[in-house]
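Each remark here refers to the structure printed beneath this line.
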Amino acid sequence: MPTLAEKIENSLDLGFELPAVPLHITKNLSPLFELRPYQNEAFSRFLFYLDNKKLRQNPAQLLFHMATGSGKTLIMAGLILHLYTLGYRDFLFFVNNTNIIKKTKDNFLNPLSIKYLFPEKVDIDNTNIKIKTVDNFQCSTDRNAINILFSTIQGLHVRLNAPRENSVTYDDFADRKAVLISDEAHHINVDTKSGKLNVEEETEKISWETTVGRIFHSNSENFLLEFTATIDMTNSLIEEKYRDKLIFDYPLRKFRREKYSKEVNVFQSDTTPFQRALQAVVLSQYRYKVFEKHRLNIKPVVLFKSARIKESRDFRSEFTARIKNLKKSDFNFILKSKERQIKDSLAWFESNNISLDNLIAELKSGFSEEKCIEINSKEESEENQLAINTLEMPDNQYRAIFAVDKLNEGWDVLNLFDIVRLYDSRDADRNTGRPGRTTIAEAQLIGRGARYCPFKTGNEEEKFRRKYDDDPANPLRICEELYYHAAYNPRYISELHNALHEIGMKDKNTKEIQLSLKLDFKETDLYKEGYIFTNKKKKYDHSDIFAFSNEITGKRYKYVLNTGMSDTSRAFDLSVEKNMARSSKEWDIIDFGENIIRKAMSETDFYSYKNLLEYFPNLPSISDFITSSSYLGGIKVDVSGAKSDVNTLSCLQKLQITSDVLGQIENGIKEHDIEYSGSEDFDPHDFKSVFKDKKLNITNSDNTDKEYGVSQKETLNNELRIDLGMKDWYAFIDNFGTSEEKRLVKYIDKVYEKLKTKYKDIYLVRNEGHFKLYSFEGGFTFEPDFVLFLIEKKDDISVYYQVFLEPKGEHLFEHDKWKEDFLLQLRSKHKIRQLWQSKHYVVWGMPFFNDNNPQKYERFDSAFARAL
């Protein structure tokens, strides 16, 4: 049977659409956390579920399976905001770990925290909503606030079954609906385990069955929202329990492939523990200096992991003493290293005039004793929890952490880039070779440390995703990588790789490929003196906006008046149901009067003239906004209610109607507002500065096109095979693209002789992250797979055509339609300043290329023939 998530996907395949995320969620989450596409999808799936009677259960239990670092807590906050609008006021948050409670409280309640989830003011329906922590849901509950009771599951069990004064009791849930939120929900699934449970698991099982279950079923309107990063749906008991509850499935494997995490590298070396540590701090300092050079205030952190507390304390003492007395001879083994990462760091230090003496001085200062912290015993954990959870703060100076396993769960850190394993043991099953508990725990720690540390060096970059996968030679690449330093132990490393693969942190099939331009091509005029023209992403200034959009003016606004009617009937009266007479009338908002409209507008800052100019810079005045048919003067509303009311509205009713419509219009304006655009101006860039030799990191998975990463010269598919090294028109030595990309190359080979009759020079160039374009509407990033350069001689002028080509699988045609729209707009909308008397430059785009669909192929082929 399909899971709930699969049922929703099936509905979408049938033409149903996920609802948009409402403004009471988006505008009431911290502006520091820009919602990512998968987070929007999580919210939309929840909204879809609420409105679908076939899927909805009462009470409702739902599971969000989301990767570590994907923002589960932000989703919780957004769901709380939405459920508040549905009348929910009481929220019970529980986990199995006290440290997670403290961290979560800080995120929900402390506006000074860098991870605070809300803006300065939470506003729902023009009302300031407070977020409070409570001890129970009786006398301490504010019915206008969001009331959250934080507890461990064990503590909740004790408090409910041995109640004290002012503590939460089962009576709190007897006559009111509540939302139960479980973080790290895999801990409450001990009831799905087979075999004998240990004492801790037995306690959790009892707590869950007798406490959480009883609360959840006490009211049919209750919600139980579970969140976990680790759920084993291959376990038949878990699969049966959650089949109809798993609403959103976003595992670590998908999270990493969509570039929201660091990439993980396992660095094994036959060295002493201190030498491994020294390698790590050298790489850490390399990152620190690279960040600094790009004016980024980011401090990389190193975790030194021991097997036992005594060993951790002993190594900290050794580390701080040897760093304090660091000398050149300590670096002999590093200077001889053949590892690419080490060689790159040393070369970078040298090119930036950082001598070995300078490096030693920096390490002595950066990793001095006062910048090291130990987090082993419970007392240390309590005392240092704040420091550990604020490592990204500029005033937090810690750069080295010494621990055993106190940081294995509930630790959110973004600037951890190195983990040094100080022991050399393995616990794999001797018979099967499967990773043991310790290795799995280490892999999970790596997964937590792989949270991406957001940064960008230019306005055109995405802050929260990896940017240098296809540019491994870029120094910033190491700022997107986590290194796990371990002793040389091939069997352990193999087991760790298996464990990382199991949790989705690594793919089994990865390889590095050298992509090089042909030496002959580097002698061409295009390479030496040519240009590629690209546009820029810019802040959309709304200067071409002179009216409401069609989405605003075309909407049918409705308002229902309370009739004030009432009726009484006997309990067993079987007479026909009476209908209270209602009527409706369409009103122009402007007919309510300018004073009424101004009063309604004054209720929110959104309708101040200063703010309206942000969206409508051509607006002459507030009076024009009210009276012009381009704005409010063209808005109509259907008012329904008692006939006598809808025909003769009171001033109060007019004000209420206007306020409601203005609220809907505000939501519409914000929802359809465009923040960025792509410039119509295309600027020249030296060809040889854009297209360079580079190394490609190729990852193949079960869902990857089988041709991806395979040489077009060596492919086993005879239809796709071609030796591009022998084709002068192809700039690179080879092509390692997908099957569809290889088919496009074959297409150009087929039409080459025809093109040659018209054009003097013809070159097809593969774009492997060399350049980006930005859509005219929205400024969305687009990297066309190929660009075809054609040079035509016309009298005394050479015409240079630059044609962007994008092969596309059929399954992506609809999803990427905006890309094709942009390509087809290029010919008419692009602008190039023609600064060369004897040269003229033109930028074009073609429809998507697809060789499998005859209709799509014919469309491309016809457009290509007509244009070229």
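Tabulated results
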| item | result |
| --- | --- |
| Hits in the range 472-502 (condition: more than 30 Å from Ser306 (Cβ to Cβ) and open to solvent by 50 Å² or more (accessible area, probe 1.4 Å)) | Ala473 |
| Test: residue in the range 549-562 that is among the polar types (S, T, N, Q), at pLDDT below 90, loosely packed, with under 11 Cβ neighbours inside 10 Å and closer than 18 Å to Ile669 by Cα | yes |
| Near pairs, Cβ below 6 angstrom, 6+ apart or cross-chain, from the range 732-759 (touching a residue at least 12 places away in the same chain (Cβ under 8 Å)) to any residue that is in a helix (DSSP H, G or I) and open to solvent by 20 Å² or more (accessible area, probe 1.4 Å) | Ile733/Gly725 |
| Residue within the range 618-638 that is open to solvent by 30 Å² or more (accessible area, probe 1.4 Å) and touching a His at 6+ places or on another chain (Cβ under 9 Å) present | yes |
| Test: residue in the range 72-79 that is at pLDDT 95 or above and more than 17 Å from the chain's Cα centre (by Cα) | yes |
| Restricting the range 563-604 to residues that are in contact with a helix residue (DSSP H, G or I) (Cβ under 9 Å, 6 or more places away or on another chain) and part of a loop (DSSP other than H, G, I, E, B), the residue that is modelled with the lowest pLDDT | Gly564 |
| When residues of the range 693-731 are limited to those that are open to solvent by 60 Å² or more (accessible area, probe 1.4 Å) and free of Cβ contacts under 8 Å to residues at least 12 places away in the same chain, the one nearest to the chain's Cα centre (by Cα) | Asn703 |
| Any chance Glu792 is touching a residue at least 24 places away in the same chain (Cβ under 8 Å), in a helix (DSSP H, G or I) and touching a strand residue (DSSP E or B) at 6+ places or on another chain (Cβ under 9 Å) | no |
| Tabulated pairs, the range 323-336, first over 10 Å from Leu356 (Cβ atoms), second open to solvent by 30 Å² or more (accessible area, probe 1.4 Å) and modelled with pLDDT of 95 or more, C-beta under 7 angstrom, 6+ apart or interchain | Ile323/Lys364; Lys324/Lys364; Leu326/Lys364; Phe333/Gln275 |
| Subset of the range 656-692 (residues that are open to solvent by less than 50 Å² (accessible area, probe 1.4 Å) and within 30 Å of Glu512 (Cα to Cα)) | Phe687, Val690, Phe691 |
| Some residue of the range 532-542 being open to solvent by 60 Å² or more (accessible area, probe 1.4 Å) and without any contact (Cβ under 8 Å) to a residue 24 or more places away in the chain | no |
| Hits in the range 732-746 - residues which are open to solvent by 10 Å² or more (accessible area, probe 1.4 Å) and of a type outside the set (D, E, K, R) | Ile733, Phe736, Thr738, Ser739 |
| Residue satisfying all of: in the range 107-149; touching a helix residue (DSSP H, G or I) at 6+ places or on another chain (Cβ under 9 Å), in a strand (DSSP E or B) and open to solvent by less than 20 Å² (accessible area, probe 1.4 Å); farthest from Thr85 (Cα to Cα) among these | Leu149 |
| Residue match in the range 751-771 (condition: closer than 30 Å to Pro37 by Cβ, among the hydroxyl-bearing types (Ser, Thr, Tyr) and either surrounded by 14 or more Cβ atoms within 10 Å (Cβ to Cβ) or at pLDDT 95 or above (or both)) | no |
| The range 399-454, residues that are assigned to a loop (DSSP other than H, G, I, E, B), under 20 Å from the mean Cα position of the chain (by Cα) and either at pLDDT 80 or above or not small (Gly, Ala, Ser) (or both) | Trp411, Asp412, Val413, Leu414, Asn415, Ala450, Tyr452, Cys453, Pro454 |
| Subset of the range 27-53 (residues that are among the small types (Gly, Ala, Ser), assigned to a helix (DSSP H, G or I) and touching a residue at least 40 places away in the same chain (Cβ under 8 Å)) | Ala42 |
| Filter result (over 10 Å from Ala67 (Cα atoms), out of contact with any Lys or Arg (no Cβ under 8 Å at 6 or more places or on another chain) and either open to solvent by 30 Å² or more (accessible area, probe 1.4 Å) or part of a loop (DSSP other than H, G, I, E, B) (or both)) within the range 236-263 | Ser236, Glu239, Glu240, Lys241, Arg243, Asp244, Lys245, Arg257 |
| Of all residues in the range 75-106 being assigned to a helix (DSSP H, G or I), open to solvent by 10 Å² or more (accessible area, probe 1.4 Å) and out of contact with any strand residue (DSSP E or B) (no Cβ under 7 Å at 6 or more places or on another chain), the one that is farthest from Asp605 (Cα to Cα) | Asn99 |
| Condition check for Leu180: open to solvent by less than 50 Å² (accessible area, probe 1.4 Å) and outside any helix (DSSP H, G or I) | yes |
| Selection count where residues are basic (Lys, Arg) and touching a Gly at 6+ places or on another chain (Cβ under 8 Å), scope the range 695-730 | 1 |
| Subset of the range 433-467 [open to solvent by 10 Å² or more (accessible area, probe 1.4 Å), under 24 Å from Tyr540 (Cα atoms) and hydrophobic (A, V, I, L, M, F, W, C)] | Phe464 |
| Whichever residue in the range 795-820 is in contact (Cβ under 8 Å) with a residue 24 or more places away in the chain and among the charged types (D, E, K, R) and, among such residues, is farthest from Asp705 (Cα to Cα) | Asp796 |
| Every residue from the range 1-26 that is in a loop (DSSP other than H, G, I, E, B) and either open to solvent by less than 80 Å² (accessible area, probe 1.4 Å) or of a type in the set (S, T, N, Q) (or both) | Pro2, Thr3, Gly15, Leu18, Pro19, Ala20, Val21, Pro22 |
| Leu29 vs. criteria open to solvent by 30 Å² or more (accessible area, probe 1.4 Å), in contact with a Leu (Cβ under 8 Å, 6 or more places away or on another chain) and over 26 Å from His217 (Cβ atoms) | no |
| In the range 840-868, the residues that are open to solvent by 20 Å² or more (accessible area, probe 1.4 Å) and small (Gly, Ala, Ser) | Ser862, Ala865 |
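The values are calculated or read from the model by the stated rules, or taken from the named source; none is laboratory data. The structure presented is a predicted model; accordingly, all values stated were derived computationally and were not measured. Positions of Cβ are backbone-derived with ideal geometry, glycine not excepted, and every protein chain shown enters the neighbour counts. Quick note on the areas: whole protein, heavy atoms, side chains included, nothing else; ligands and nucleic acids left out. Shrake-Rupley method; radii C 1.70, N 1.55, O 1.52, S 1.80 Å.
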